[in-house]
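Notes follow the structure.
Each value in this text was obtained by applying a stated rule to the coordinates, not by laboratory testing. Keep in mind that what you see is a predicted model, and the values were worked out from it rather than measured. Because the Cβ atoms are built from the backbone with ideal geometry, glycine has one as well, and the counts that use them run over all protein chains shown.
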Amino acid sequence: MPKTILTEITDNIATITLHRPDRLNAFTVTMTRELLAALKQCASDDAVRCVVLTGAGRGFSAGQDLTEFLTAEASLTVGDHVRQGYNRVILALRALEKPVIGKINGVAAGAGLGIALATDLRVASERASLTTAFIGIGLAPDSGVSWFLQQLVGPAKAFELMATGQKVGAEEALRLGLVNQVVPAADLNPTVHALARQFALGPTKGIGLTKRVLNKAASLSLADALEYEAQVQDIAAQTADHKESVAAFLQKRKPAFQGK
Ligand code: LHQ
């Protein structure tokens, strides 16, 4: 059986490629399972200090494979399908205490959009587009799309994007804050590689803890967020990379981060 997820690790960067290009990398149950396994591997492998998530061919991901879903035996409710698949993927991406770059090479739709928005930052090709897509098949959002969109663009724009399913081009996605950067298609690989390399040579634990406080901040009052930051700072201050960077500053040299 061909693999639907390809993982390649070089220069401390794990590149995970959604690989069903003839279906715009639409998700099957197998693909969800393989993606979860790849994310678990990235979390446990200390050699991985940055993760890049992308799609093969001209799409990032068209979301749920509708042919598989419609022909599957109805052994699960739609809610359980989402709970056992996409919800785990989204939570695994957010819990992974390493930087995850979404390399948005093409269209991201439905659950594919949710997965793109669960990455820490997104670099898009000018050929990329985003669509919530759910309303096109009469569904409400899942895979965190309602949560991420209300955080990123506010409730009114989020409603518009979800209730119309309109396709947002790369430049508009940049203007809305849905992606961090847009580059010509030919520049996508080198741009993302340079960024990933920068992260992979960085203080990995400090970046992971940054993600931890950001994840938590969304559900805390300011007073509780301040206390949580103080607690996490105690952990960050114990890392070898923190000690190395202070020593390097005092010795007027560049720090050599070990990711520890
Ligand atoms: C596809 C798909 C696809 C299979 C393109 N499946 N083949 C959770 C719980 C339970 C149920 C439902 O879902 C969910 C979560 C979700 O993700 S819901 C949202 C599901 N996704 C969609 O509704 C998107 C459907 N696709 C589209 O609207 C378009 O394909 C987009 C806008 C993504 C891209 O349009 P184009 O660039 O014009 O490409 P295309 O439509 O020509 O697609 C290329 C091929 O990929 C085509 O096959 P073909 O044999 O004709 O070349 C499509 O049938 C296939 N494909 N999406 N989701």
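Of all alpha-carbon pairs in the stretch 1-53, indicate the percentage at a distance above 14 angstrom. Tail fraction, whole percent: 49. Each peptide in 233-243, 21-31 gets a packing score, the mean of other Cβ atoms within 10 Å over its residues, and the list from highest to lowest is 21-31, 233-243. Relative to the longest principal axis of the Cα atoms of the chain, helix 155-164 runs at roughly 30 degrees. Compared with the dominant principal axis of the Cα atoms in the chain, helix 29-44 is inclined by about 0°.
Computed about its Cα centre, the charge dipole of the stretch 204-250 is approximately 180 debye, with only Lys, Arg, Asp and Glu carrying charge at their Cβ. Taking every DSSP bridge with both residues inside the stretch 5-200, close to 25 percent are antiparallel.
Could you please state, rounded to a whole Å, how far the C-alpha centre of the stretch 134-154 is from the C-alpha centre of the stretch 181-198? Result: 27 Å between the Cα centres. Within the chain, all pairs of alpha-carbon atoms sorted by distance into 10 Å bins from zero give the percentages 7, 29, 35, 21, 7, 1, 0.
Using R₀ = 41 Å, calculate the FRET efficiency as 1/(1 + (r/R₀)^6) where r is the Cβ-Cβ separation of LEU222 and ARG253; round to 0.05. Calculated value: 0.60. Quick one: angle between helix 222-236 and the longest Cα principal axis of the chain, in degrees between 0 and 90, rounded to 10, please. Around 60 degrees separate the two axes. Packing, taken as the mean count of other beta carbons within 10 Å per residue, orders the peptides 150-156, 215-221 from highest to lowest as 150-156, 215-221.
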